[in-house]
Each structure stands twice: as C-alpha cells, then as structure tokens.
Amino acid sequence: MSFKNDLKLLLSTQNVLIYILNSEEERLEYNINLMIQQNIKKHIYCWNFIDGYYNNPNYFNTALRNPLQAIEFIEQLNFPISTIFLLKDFHVFINDISIIRKIKNVSRCLKQVNSSIIISASEIQIPDLLKDFITVLEFPLPNDNEINVELQRLFQIMNISSSVYSEYCYDLILAYRGFSIEKIRISIVKLLSSNSSIRKLINNIWNEKQQLIEQTDILEFYSVDYSFENVGGLILLKDWLNKRSKAFSKQAKDYGLMAPRGILLVGIQGTGKSLVAKAISGQWQLPLLKLDIGKIFAGIIGKSEERVRNMIRIAEQSSPCILWIDEIDKCFTRLSNYTDSGTTSRVLGTLLTWLAEKDKPIFVIATANQVLSLPSELLRKGRFDEIFFLDLPNLAEREKIFTIHLMKFRPLSWMKYDIKFLSKLTDKFSGAEIEQAIIEAMYNAFYEKREFSTQDIINVISHFVPLSFTDKVNISAIQNWAASGKIRMAS
C-alpha cells in the first residue's frame, strides 16, 4: 500500500496521533494538503516552533515558541469539521511530561470529532508513555514519477530541449533515485550550470550519491573496474551470471522479466567469493554497496534493528544496485540465539523477511566460509535465487589464476613464466594463496635487486602450507557436504 493510501486510511479510522518520519517536511506538507483537497474534507493547521500556527490568519503566530500552548490550542479550539494539526519537529518536545499528559488529554477530544495530530519528525523519539497512542509512518523519498515530473520542470526552466531529456530520462531517473526533491533541484542546477554533457552529468550524480551513502556509516560504496576476466575458473557460476547481466535494463523490464534476487556464495576461504562480488558489479555496470555487518551490531543495545532497517532503506533508495554482505556467517550462526539477548535473531528475522519480500531491483550477494554453521532459514529457497559452492581450483583453473595475476604484475613478460608447471605444484592451493605466493616471490627478488623468476615462485611454494592442510577437517566436511548435491557447484 502506498504512503498516500496508508495515511488516508489512518485519518479516516480515528487514529488521532500519527508520527511521520521524513526528511522533506515541505514536500510532506504539500502532499498532505493535496490529499485533503482531493480526497478528505478536513481543515489543516500547521505549527512550527519559530512561527507558531502560521497557515490560518485568525490564529497567526499562536503558540509561537511554546509547544505546550500548541497542544492547549488544539484542546481549546471549537472544531467546526474534522481537522488535522501538523506539528513540525515536535519530537524534540514530546518527552516533556506536561506535554505527554496534555497529548493524552486532548486525544480523547480528537477521537470524538475524527480529528488527528500529525507529528513531522526526522527521527523516531517516542516516549514509552505514548507508544500505545501513536502510529508511525515513514514518508518515502520521491518515486520515479515524481522525479520525472521535477526533472521535466527543471529542464523546461533552463530551456533544455525536451528531446534531449527524452533521450536520457531513464538514466537520469535511475541516477536520482534516493535523492530528495530539494537535493535534485540543487544538484541539477549546479551540474547543468557547469555546461557539462548529460552523460557527464549522470556520472557526477552517481558521485554525489556515493557521498550520501558513505555518510551513513553502515554501507560502503565500492567503485570497481573488475569483470569476469579477472576471475579464474568458476565457469558454471559465470555462465549463470552472464545470462542475467541485462536483467536490470529497461529492455528486460519491458520484456516482463523479473529482476534476479541474489546469490549466496559459500566455500573455502580464498576461493574468490569477494572477487566475484566486485566482478558482478563491474560486469553488470551496477553500483556496489558493501554492508559492514559488524556495524549493525555495534553501539547501543536496541539500535541494531534500527540500523538494519536503515541499511534496507538506503539500498532501496539506491536501486538498481548490488548489495554485498561479506562473511555473513560471522554474525549469523545456529548458536546466535543462545549467546545474546535475541538481538541477532531479530536482526536476522528482519533481513530474511526483506530478502523474501523485496520488490526493488537489488541483487544481494552474501558470502560465507562456514556454511555448515549458518541458520537453516538463510539457506531456504526463496531467500536467494541460487546457492553456489566455490571449491579449491582444479588444474585448469589454477593455470587461469596464475595467468591473471602474472599478467597484472608483468603485463609485458608474463608468458616467460612456466605457468603449467607452477599450476601442477599448487594442488589444493586457493586462488588467494596462489596470488600470495607470487607476491612473496617478488619480495624476495626485489630484496636481491633482480627480476623474479619461475624458480622464485617454486621456492615459495615449497615452503608454503595452504589452508587445505592446516584446516583439513573443516574443509573436507564442507567439500563432502557440497558433493552430496545439496548445493550448486560454481565450477
């Protein structure tokens, strides 16, 4: 149900205290006024701390700088018809005991005449004594249609051809998702005034969006230039992903294709799970947002659930995008419910519900090393489109991995290294361990002031103890579980 319908229903069913969480009070007030004019026969009185009541000439400046008097005014007013009282930033004053008592008293009068108080607030601060009286709504940021209308208006004001806007409108609307109307106005005027091309304008918008995301301290915006060419092996996984590379395009939407939900990548450490996440972002040309799962649980008790809701809201505002949840097994395990006060269970419940019900074009990539410890609810079909197992690379994959890294370090002379022999020596090595062996060989040769050779890499490999030997029991258990057919193989 839309915000408009939700609010209309609340106003018509005697909900006398409505708390609207928003960052755009001007747009909120405009939408409430528009709804009243079109659908509901009610008066509206607006109040803020500096001006008092300001939209009715009979009561201009009443309750100026006096929040208690603002409630007393409602109590004393003789309601001719149903009325809405929009109180801006009132969450700052609502914890005062005298205001709490006055709100409780006036709520009985409001219910009798089907009137309501709407508190417009930028954050949730509801005292325990009022929680049973208040209904909370969140005012969403502009949808695609609102962004389109605003951009058309701005382009018209700046005398830019409508044909130019038509050519780039889809990309512009996509880029401005997650911006408030005021931020769109400031951004478009600033960028168009610089006489940049529309394509450069769109790139600059993504840079601005990156700054907004990083200010949240929950999600990190990754700028990546990887592709599937940077990933050695994993043929089956790459084939699955290639078939969905255009799934977020306008053509796919017009075709009626549902956007893919996401994948869970599980397997041994160092087999390329994080690299795949970056490669998907580069290959699909979608922004990559990385969730620092530790920050969800850091800080004040009781804030974790709010943080995960904020994370979901930011990701949806940035859609279409890729959300990368790295090492999800570090926080969500089968034992979590017994080691905390239920916070992990509540956060997991919120995340699982969103994964199952999300309708925004967000491709979720979750990675895990200890898959056997993950809650069974996370592995159930419907959370992700597919679960892939990334095993240690085989001989052909090791050859590709050596080639990729040697081409990166020595783009002009990589072919002089005996890649086939090195690949045979590194049986049961992960991709990350192969890269580390090359780097170690380079350090040794650099110390001796010479170019590194195949023999340098061989010397490192001969002393290298891979994880497959130091953690043989756990790795064998994961491989046996994958071999049982409960999961799809990446290669």
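The values are calculated or read from the model by the stated rules, or taken from the named source; none is laboratory data. Quick caveat, the model's predicted, so the values are computed rather than measured. So basically every Cβ, Gly included, is an ideal-geometry build from the backbone, and we count neighbours across all protein chains shown.
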Worksheet, complete the sentence: Condition set among the charged types (D, E, K, R) and loosely packed, with under 15 Cβ neighbours inside 10 Å, scope the stretch 447-465, selection nearest to E433 (Cα to Cα): answer is E451
Worksheet item: Do we find that E29 is in the same structural domain as I134 (by TED's automatic domain parsing), touching a Ser or Thr at 6+ places or on another chain (Cβ under 6 Å) and under 21 Å from P142 (Cα atoms) in this structure?
Response: no
Response to the item:
Being assigned by TED's automatic domain parsing to the domain that holds K243 and either modelled with pLDDT under 95 or not basic (K, R) (or both) narrows S462, S376, S484, S430 down to just S376
Response to the item:
When the stretch 20-54 is checked residue by residue, the ones that are of a type outside the set (F, W, Y), in contact with a strand residue (DSSP E or B) (Cβ under 9 Å, 6 or more places away or on another chain) and modelled with pLDDT of 90 or more are I20, L21, N22, E25, L28, E29, I32, N33, I44, C46, N48, G52
Discussion item. I'd like the full set of residues that are farther than 22 Å from N195 by Cα and either out of contact with any Leu (no Cβ under 9 Å at 6 or more places or on another chain) or not small (G, A, S) (or both), limited to the stretch 150-178.
Written reply: R177
Discussion item. Could you go through the stretch 345-352 and let me know if any residue there is in contact with a Ser or Thr (Cβ under 7 Å, 6 or more places away or on another chain) and of a type in the set (S, T, Y).
Written reply: yes
Item to complete: Of the numbered conditions (1) farther than 22 Å from S318 by Cα; (2) in contact with a Lys or Arg (Cβ under 9 Å, 6 or more places away or on another chain); (3) polar (S, T, N, Q), N195 fails exactly one; give the number of that condition.
Response: (2)
Item to complete: Would you mind listing the helices (runs of 4 or more DSSP H) fully within the stretch 192-302 where at least 1 residues are hydroxyl-bearing (S, T, Y)?
Response: 250-255, 273-284
Response to the item:
The lone condition A277 fails out of (1) aliphatic (A, V, I, L, M); (2) touching a helix residue (DSSP H, G or I) at 6+ places or on another chain (Cβ under 8 Å); (3) touching a residue at least 60 places away in the same chain (Cβ under 8 Å); (4) crowded, with 19+ Cβ neighbours inside 10 Å is (2)
Worksheet entry | Qualifying helices (runs of 4 or more DSSP H) (wholly inside the stretch 417-471; at least 2 residues being within 43 Å of the chain's Cα centre (by Cα) and small (G, A, S)) | 431-447
Worksheet entry | All positions within the stretch 211-243 that are touching a strand residue (DSSP E or B) at 6+ places or on another chain (Cβ under 7 Å), modelled with pLDDT of 80 or more and surrounded by fewer than 17 Cβ atoms within 10 Å (Cβ to Cβ) | E220, L236
